[in-house]
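Below is one structure, written out as structure tokens, with a few remarks after it.
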Amino acid sequence: MDFQFYLGCAVWAYKGWVGDFYPRGSRSTEFLQLYSDRLATVEVNSTFYVIPDRQTVERWAKDTPANFKFCPKFPKQLTHNGLLLPYIDRALHFLGLMSGFGDRLGVLFVQLPPSYSPVNFVDLESFLRALPTKNYQISLEVRHGDWFKAPHCDRLNTLLQNLGVGRVLLDSRPIYDLPSGDEIDPALSIPVQQERRKPNLPLQPLVTAPFSIVRFISHPDRDLNIRFWQEWVTYLQDWLVNGTQIYFFMHCPIEERSPHNAKYFQEMLEKANVPVPALPWNDLTPPPQQLTLF
């Protein structure tokens, strides 16, 4: 049975999580199983750079429990080389490979580069119409600023609604809307500045399909995220009650903090009585504490 809400991070193979999110001494071959014992979904960003073979996809699926979901990103060789329609055959091949996830496959998403503007609307429409959206859940992330302005935003949203394609909601506000002066820890400023390679685009919190992806770029200082998370609590309450399936991915410039930011957000949702399933993380037995004489 599928859940309505899935919470996760952008990666699972992160060595910096060993000794904290993952137990001390964990091996890289165990990372996916350990990750899926704690969180419900993962954004498969690696497929943007390298397309795995069918055997790898099937092995990943077998290493995860029931109800876990993978959300692969379309490869950049298909989405970042100008027009999209010339790559439709390769896109269909990619979807065929991703079907190897079986019931572990969640929403796949197409991320367009900032250079892809509404001038290319006909190409985008032709590409999306050629995808088997009846067989796969597919979402779109646009990054050119004009897509967020009238009349282009309305035209895009209407297209997505007609095709049953989701809208990826990128929220990068926490890394741009910062306090000044001594209010921010100087040790956090460099990674935050580096993370600003992600676009500073308006957030338009709407859904265009029975499912949606939220990519939240959290600030390493947890408290600076809270007012934005409070907004998301309200949005998610409305969407989930109305039957929309949401995949919420927690990013962070300091990746060590992503899982704990996700867990804190989960606790906010639960306290607000938002209908979300419990994290599998909560069911894990904590490691034994070393006894001392004092």
Can you tell me which residues in the stretch 122-150 are assigned to a helix (DSSP H, G or I), surrounded by 14 or more Cβ atoms within 10 Å (Cβ to Cβ) and among the aliphatic types (A, V, I, L, M)?
Leu124, Leu128, Ala130
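From the list Tyr264, Tyr247, exactly one residue is assigned to a helix (DSSP H, G or I), over 18 Å from Asp37 (Cβ atoms), at pLDDT 95 or above and hydroxyl-bearing (Ser, Thr, Tyr). Which is it?
On the way: Tyr247 fails: assigned to a helix (DSSP H, G or I).
Just a single option satisfies the conditions, and that option is Tyr264.
Could you tell me which of the residues Val119, Val110, Val168 is at pLDDT 95 or above, more than 17 Å from Leu203 (Cα to Cα) and in a strand (DSSP E or B)?
Every option except Val110 fails the conditions.
For the stretch 267-294: of the residues being at pLDDT 90 or above and of a type in the set (A, V, I, L, M, F, W, C), which is nearest to Val18 (Cα to Cα)?
From the stretch 267-294, those at pLDDT 90 or above are 267-281; that's our starting set.
Remaining after also requiring of a type in the set (A, V, I, L, M, F, W, C): 268-269, 272, 274, 276, 278-279, 281.
Values: Met268: 26, Leu269: 27, Ala272: 31, Val274: 31, Val276: 27, Ala278: 23, Leu279: 19, Trp281: 15 Å.
Looking at residues that are at pLDDT 90 or above and of a type in the set (A, V, I, L, M, F, W, C), I get Trp281.
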Taking the condition of a type outside the set (A, V, I, L, M), under 26 Å from Phe265 (Cβ atoms), out of contact with any Gly (no Cβ under 7 Å at 6 or more places or on another chain) and surrounded by fewer than 20 Cβ atoms within 10 Å (Cβ to Cβ), does Ser26 pass?
yes
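Looking at the structure I just gave you, is Gly102 small (Gly, Ala, Ser), under 21 Å from Ile51 (Cβ atoms) and surrounded by fewer than 21 Cβ atoms within 10 Å (Cβ to Cβ)?
Yes: the conditions hold for Gly102.
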Matching entry among Asp37, Asp20 (being touching a His at 6+ places or on another chain (Cβ under 9 Å) and either without any contact (Cβ under 8 Å) to a residue 40 or more places away in the chain or more than 30 Å from Asn81 (Cα to Cα) (or both))
Asp20
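The values are calculated or read from the model by the stated rules, or taken from the named source; none is laboratory data. All of these numbers come straight from a predicted model, not from anything done at the bench. Cβ sites come from the backbone with ideal geometry, for glycine too, and all protein chains shown count toward neighbours.
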